[in-house]
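Student: Before I ask anything, let me first share the structure, which is written out below as structure tokens.
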Amino acid sequence: MYGLSENGPDKMTVRIASAAEDFYREFSGGSAGRKRYLYGINEYSASIVRIMQVDGFIDDFSVEAEWMGRPVLKFREIDPDCMIVSCTTSNYTHTVMDKIRAAGIACINYIAFADASRGVLPQVSAVADSRQDYAERSDKYVWLRGRLFDEESRNVLDRLLDFRLHGNVEAMRHFEYAASRQYFEPFVVLEEGEVFVDGGGFDGCTSLEFTARCPQYGAIHLFEPSPSMLAVAREKLAGLERVHFHPLGLFDRSASLAFDASAGSASHISDVGFERIEVARLDDTVPEAVSFIKLDLEGAELAALRGMERQIRTAHPKLAVAVYHRPSDFWGVPELILDLRSDYDVYLRHYTEGWAETIMFFIPQISRN
């Protein structure tokens, strides 16, 4: 086991950390005229630019020619005799690193680079928060591992902890970006008449995938608080029957809350949001029994679950819940659900090469009897 059976990182991770310190010293000090680039334009590449000289950014998809006073280049435009810090941490960590290495270029991922800086650079929040939570509640992760149903789930947890706790990007080579099958694993058996709740429906893509996998569904209840995204979902699902669009966020009470809509699919409830959205309890909104609930609410999953206690207790639905937004959700989500009903098998799956898109599944044990 990576994170739970050892008191610290394994020998390979220690070697990676040592190499990262050497890279950091060379990159931050300037290396005999070698150009230094940052792969990706985001908050982490910005943090590097603020404290050290770099020659530019690499972004194959940006239309910007310049950012923060440095040129934005395509990967094909750079001289391979350079150094690169990949600031891609959420979706394609090893794909980007492999691309850079295949060109013969010295590179490192931002997570290891930040660790090597010894506090000079901010660590990726998902990584930093996981380390703090694990230090305070390691017993909860041990409990979770013992409650997971299959060996693959336990391996997923071990690898994610190795990545988050030790900064070992190599542990993520077991994963790939697989958004198309997110929420829909072989153990999520869909039957005729399913009533699906799409919590955090965004543009309707998950509901559309559900209809392809379960064409004889009973109903779909799509919850999306953003008017613009709800309009996209309506258009995408136009012509389908028994689809109910709810202009609401799922929560543990009815309220009007501040909402930050600036982050696309990562838009979330926030004290600094400039928009207002309406939220409600699922138990108050959908009276019929539901059979499958998907939740990806950018950190509001626990609140939403508290607002659907009746459905969980009485309807015993399948659940697919995002647990990657807050580290404590890894154990807080199963604690809450299993306290309501203990007769669930718990699975854990991961759908990117980085910290994003970890889904915990709760499958009624009656499904395998």
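No lab work stands behind these numbers, since they all come straight from the coordinates. Small disclaimer: the values here were computed from a predicted structure and weren't measured. Using ideal geometry, Cβ is built from the backbone for each residue, glycine included, and neighbour counts are taken over all protein chains shown.
Student: In whole percent, what relative contact order does the chain give with Cα contacts below 8 Å and a gap of six or more residues?
Tutor: Numbers: 680 pairs, mean separation 56.7, N = 369.
So the answer I get is 15 percent.
Student: Can you put Ser86, Ser28 in order, fewest other beta carbons within 10 Å first?
Tutor: Values: Ser86 28, Ser28 18.
Lowest count first: Ser28, Ser86.
Student: Follow-up. Tell me which of Ile359, Gly30, Phe210 sits at the most positive position along the dipole axis of the chain, charges placed on C-beta atoms (Lys, Arg +1; Asp, Glu -1).
Tutor: Checking the options against the dipole of the chain, the answer is Gly30.
Student: Could you work out which residue, out of Leu208, Leu348, Leu165, moves most in a Gaussian network model of the chain, that is, has the largest mean-square fluctuation with Cα springs under 10 Å?
Tutor: Leu208
Student: Rounded to the nearest 5, what is the percent of antiparallel bridges among the DSSP beta bridges in the range 11-125? Intermediate results must be reported in sequence, preceding the final value.
Tutor: Details: 3 of 17 bridges.
The antiparallel proportion sits near 20 percent.
Student: Can you give the extra length, in nm with one decimal, that the chain gains between Trp143 and Gln216 once fully stretched, where that is 0.36 nm per residue apart less the Cα-Cα distance? Could the numbers behind the result be given before it?
Tutor: Details: separation 73, 0.36 × 73 = 26.28 nm, distance 3.83 nm.
Separation in residues times 0.36 nm, less the Cα-Cα distance, equals 22.5 nm.
Student: Next question, about the same structure. Given a Förster radius of 22 Å and the C-beta distance between Asp343 and Arg253 as r, what FRET efficiency does 1/(1 + (r/R0)^6) yield to the nearest 0.05? Walk me through the numbers on the way to the answer.
Tutor: Values: r = 28 Å, r/R0 = 1.25.
Calculated value: 0.20.
Student: Rounded to two decimals, what is the ratio between the C-alpha radius of gyration of the range 175-368 and 2.2 N^0.38 Å?
Tutor: 0.95
Student: Next up: Any idea how far the Cα center of the range 333-369 sits from the one of the range 170-202, in Å?
Tutor: The distance from the Cα centre of the range 333-369 to that of the range 170-202 comes to 11 Å.
Student: Which helices, counted as full DSSP H runs in the chain, have an axial Cα extent of no less than 20 Å and a Kyte-Doolittle average of -1.0 or above? List each step's numbers first, then the result.
Tutor: On the way: long enough: 11-29 (27 Å, -0.31); 125-147 (27 Å, -1.22); 151-166 (22 Å, -0.80).
Span-like helices in the chain: 11-29, 151-166.
Student: Moving to a separate point now. In debye to the nearest 20, how big a dipole does the chain give about its Cα centre with +1 on each Lys and Arg Cβ and -1 on each Asp and Glu Cβ? The partial results should precede the final answer.
Tutor: Values: 39 positive and 56 negative charges, 105 e Å.
Dipole size: approximately 500 debye.
Student: Report the one residue of Thr285, Val333, Leu297 whose Cα lies farthest in the direction of the positive end of the charge dipole of the chain (charges on C-beta: Lys and Arg +1, Asp and Glu -1; origin at the Cα centre).
Tutor: Farthest towards the positive pole: Val333.
Student: Mind checking which of Asn155, Ser180, Ala17 is farthest towards the positive end of the chain's charge dipole, using Cβ charges of +1 (Lys, Arg) and -1 (Asp, Glu) about the Cα centre?
Tutor: Farthest towards the positive end: Ala17.
Student: Points 7 angstrom from Cα along the Cβ direction at His244 and Asp81: gap in nanometres?
Tutor: Output for this residue pair reads 6.7 nm.
Student: A further question follows. Within the chain, how many Lys pairs that are eight or more residues apart, or on different chains, come under 24 Å at the alpha-carbon? All intermediate terms of the calculation are to be shown ahead of the outcome.
Tutor: On the way: Lys35/Lys74; Lys35/Lys99; Lys74/Lys99; Lys140/Lys294; Lys140/Lys318; Lys236/Lys294; Lys294/Lys318.
Eligible lysine pairs with Cα atoms under 24 Å apart amount to 7.
Student: In addition: Hey, can you grab everything whose amide H is under 5 Å from the amide H of His221? Only 5+ residues off in sequence or another chain; H modelled, so Pro and N-termini drop out.
Tutor: Excluding prolines and chain starts, which carry no amide H, the hits are Phe196, Val197, Asp198, His244.
Student: In what order do Trp331, Trp355 fall by count of nearby beta-carbon atoms within 10 Å, going from fewest to most?
Tutor: On the way: Trp331 20, Trp355 25.
Result, fewest neighbours first: Trp331, Trp355.
Student: Next question. Calculated FRET efficiency, Glu288 and Arg34, Cβ-Cβ r, R0 45 Å, to nearest 0.05? Kindly include the intermediate steps, with their values, before the conclusion.
Tutor: On the way: r = 64 Å, r/R0 = 1.42.
Taking R0 as 45 Å, the efficiency between Glu288 and Arg34 is 0.10.
Student: Short version: what are the Cα gyration tensor semi-axes of the chain, square root of 5 times each eigenvalue, largest first, in whole Å? Before the final figure, lay out each step's value.
Tutor: Working: eigenvalues 301, 119, 65 Å².
Here the semi-axes work out to 39, 24, 18 Å.
Student: Within 10 Å, Cβ to Cβ, of Asp129, how many net charges do the neighbouring residues add up to if Lys/Arg are +1 and Asp/Glu are -1? Before the final figure, lay out the partial values.
Tutor: Numbers: positive: Arg131, Arg164, Arg326; negative: Asp133.
That works out to +2.
Student: Using helices alone, I'd like the mean residue ellipticity at 222 nm for the chain: each DSSP H run of four-plus residues gives -39500 (n - 2.57), total over residue count, nearest 500. Write out the running numbers ahead of the final one.
Tutor: Working: 11 runs with 123 residues, N = 369.
Theoretical 222 nm ellipticity from helices: -10000 deg cm²/dmol.
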